[in-house]
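Asks: My questions all concern the structure below.
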Amino acid sequence: MMKKRGFEIVARYQDANLNLPTRQTKMAAGYDFEVAEDFEIPSIWRLDFVRIFRLIRNAHELNERDYSLASDILKPFLVPTGIKAYMPANEVLILANRSSNPLKRGLILPNGIGVIDADYYNNPNNEGEIFVQLINFGVRTAKLHKGERIAQGIFTQFMTTDDEEEIVNDRTGGFGSSGVKGGN
């Protein structure tokens, strides 16, 4: 029997003793993802963010160096899970933050949710490993430990429009890209 949907451990973590995502209760919609290895996310307040904030607040004209610095400071960290997901072509895995992360740890998903398409599985760039994008707006460095639950994934079907033309592009990229020229 062909498997429909599920999780696997990517090759680089095969010997790391990782847990596959699981639901914690009978009524839980989400499968909890764990951190694959110890990981630190510094606070944006400790990354010279205050300097950039003051410049903006005081209507200071920002130069290219300021913009570059701000982009580096506010760039999310990609927390590895060591997990990949497979599913039918008409499904998507939605990756959501755990509700306790913003409240207790100051960790947010800057894009709101993550969208894991069926063709992300086993892509050539990173084998389809799922990463959780996080920004730490708390004042302390967030110290994540291997095995801590960090996000939840929910499988769901999606629909397409009646008049959609056939799409012939295949994924060629990994994280953050459909791999199609001009795509983000």
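The values are calculated or read from the model by the stated rules, or taken from the named source; none is laboratory data. Computed from a predicted structure; not experimentally measured. Backbone-built Cβ (ideal geometry, glycine too); neighbour counts: all protein chains shown.
Asks: Sort out which residues of the range 69-114 are part of a loop (DSSP other than H, G, I, E, B), modelled with pLDDT under 90 and in contact with a Phe, Trp or Tyr (Cβ under 8 Å, 6 or more places away or on another chain), and write them in order of number.
Replies: LEU74
Asks: On to the next question. What's the number of the condition PRO88 fails, among (1) in contact (Cβ under 8 Å) with a residue 12 or more places away in the chain; (2) of a type outside the set (Gly, Ala, Ser); (3) over 20 Å from TYR120 (Cα atoms); (4) surrounded by fewer than 13 Cβ atoms within 10 Å (Cβ to Cβ)?
Replies: (3)
Asks: Next up: Which of the residues spanning the range 6-35 are among the acidic types (Asp, Glu) and either over 21 Å from ALA118 (Cα atoms) or exposed (fewer than 13 other Cβ atoms within 10 Å of the Cβ) (or both)?
Replies: ASP15
Asks: Cβ-Cβ below 8 Å, separation at least six or inter-chain, first residue in the range 146-158 and farther than 17 Å from ASN97 by Cβ and of a type in the set (Lys, Arg), second surrounded by 18 or more Cβ atoms within 10 Å (Cβ to Cβ) and at pLDDT 95 or above: which pairs?
Replies: LYS146/GLU34; LYS146/VAL35; LYS146/ALA36
Asks: Sticking with this one: How many residues are modelled with pLDDT of 85 or more and either surrounded by 12 or more Cβ atoms within 10 Å (Cβ to Cβ) or part of a strand (DSSP E or B) (or both) if we restrict to the range 36-68?
Replies: Of the residues in that region, 8 qualify.
Asks: With respect to the numbered conditions (1) closer than 28 Å to PRO42 by Cβ; (2) modelled with pLDDT of 90 or more, which one is the sole condition not fulfilled by PHE175?
Replies: It fails just one condition, (2).
Asks: Does GLU127 fit the bill of being at pLDDT below 90, of a type outside the set (Phe, Trp, Tyr) and part of a loop (DSSP other than H, G, I, E, B)?
Replies: Against the criterion (at pLDDT below 90, of a type outside the set (Phe, Trp, Tyr) and part of a loop (DSSP other than H, G, I, E, B)), GLU127 does not qualify.
Asks: Of everything in the range 103-123 that's touching a residue at least 24 places away in the same chain (Cβ under 8 Å) and over 14 Å from the mean Cα position of the chain (by Cα), which residue is surrounded by the fewest Cβ atoms within 10 Å (Cβ to Cβ)?
Replies: So the residue we want is ASN122.
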